[in-house]
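First the structure, in the form of structure tokens, and then the observations on it.
The values are calculated or read from the model by the stated rules, or taken from the named source; none is laboratory data. Since we're looking at a predicted model, the values are computed, not measured. We place every Cβ from the backbone using ideal geometry, glycine too, and count neighbours over all the protein chains shown.
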Amino acid sequence: MRLLSAAERLAEERGPKILVTGIPGIGKTSLLATASPVTLSRSLFVDSEAGDPSVAGLSIASYRPRAWPETRDIAAAVGGANPARPSNAAYSQAHYDAVVANPDLAELTRFSTVFVDSLTEISRVCRAWAELQPESFTDRGKKDLRGTYGLVAREMIGWLQQMQHARAKTVIFVSVLEKIIDDFGASRWEIQLEGQRTGRELPAIVDEVITMHAIDFGDNKPVRTFVCTSPNPWGLPAKDRSGKLNQLEEPHLGKLIEKLTPPKSTETAGE
């Protein structure tokens, strides 16, 4: 560990970590088609849902994890080795070395943008794995849901933080948004994930929380748009850590990334 000078910090490549959430069918996956050709050539499509018909003709590399260990390998490749992790833990130097020793998995390290579709399904994959782990059973062999969801929370938050620390990379997480109506008839919007803790902590991990929603501006012609700041009139999840976004933005991934990506400093580390 060492102190970075101001010039070194400004010269670092940085990519935003973005959550795009929305109801099913709003067009979250098709946002990939609005990315620039240069971005697409350097992008990895993490397709956990097998729901890619809207981008079937798009020229983009894809990885399709079906199990939690495969999903952790993605984060190890994207985020690099975490020196704070013991050698037998996920995302440690030993884990990273094992990933890059596999020629196919080593390819995952070269992408500068990662599009995860979807975080909702990733959390289900994590839960399916967690249900088979020792923490999910009592001493008498009975299922322990508290143990299962505790493990899901630790694993999911660890996975997200590993992706978060890939400073130079742009990471877009897509998730399903659902409307919850309580016993008193009050409604609220929530990100659909397995376990409550991950959903609570997720907004603090990512830089941007953006809801893709159809907004009616009074003419009975709803228009798809990005809701980017909170509070907002629709009570939708939103957060802008950059301070660069308007409350409503065009639902265009290329323009969003361009707006959020800081320009490279013209200073050199020695200045």
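Worth pointing out:
- Matching residues, region 205-224, being in a helix (DSSP H, G or I) and modelled with pLDDT under 95: none
- Residue within region 225-248 that is in contact with a Pro (Cβ under 8 Å, 6 or more places away or on another chain), surrounded by fewer than 21 Cβ atoms within 10 Å (Cβ to Cβ) and not in a strand (DSSP E or B) present: yes
- In region 99-118, residue surrounded by the fewest Cβ atoms within 10 Å (Cβ to Cβ) [restricted to those that are assigned to a helix (DSSP H, G or I) and touching a helix residue (DSSP H, G or I) at 6+ places or on another chain (Cβ under 8 Å)]: A106
- The condition (being in contact with a Gly (Cβ under 6 Å, 6 or more places away or on another chain) and not acidic (D, E)) is satisfied by just one residue among I180, I191, I172, I215: I191.
- Restricting attention to region 181-198, the residues being part of a loop (DSSP other than H, G, I, E, B) and either under 16 Å from Y149 (Cβ atoms) or not hydrophobic (A, V, I, L, M, F, W, C) (or both) number 7.
- Selection over region 19-74 of residues that are more than 16 Å from the chain's Cα centre (by Cα), buried (at least 19 other Cβ atoms within 10 Å of the Cβ) and outside any loop (DSSP other than H, G, I, E, B) gives a count of 3.
- Those residues of region 47-73 which are aliphatic (A, V, I, L, M) and either in contact with a Lys or Arg (Cβ under 7 Å, 6 or more places away or on another chain) or at pLDDT below 95 (or both), in sequence order: A50, V55, A56, L58, I60, A61
- When we screen R154, R127 for residues that are under 21 Å from A77 (Cβ atoms), of a type in the set (D, E, K, R) and either crowded, with 18+ Cβ neighbours inside 10 Å or without any contact (Cβ under 8 Å) to a residue 12 or more places away in the chain (or both), the only hit is R154.
- Any hit, region 180-188, residues being in contact with a Phe, Trp or Tyr (Cβ under 9 Å, 6 or more places away or on another chain) and surrounded by fewer than 16 Cβ atoms within 10 Å (Cβ to Cβ): yes
- Scanning region 201-221 for residues that are surrounded by 14 or more Cβ atoms within 10 Å (Cβ to Cβ) and either more than 18 Å from L248 (Cα to Cα) or without any contact (Cβ under 8 Å) to a residue 40 or more places away in the chain (or both) yields a total of 6.
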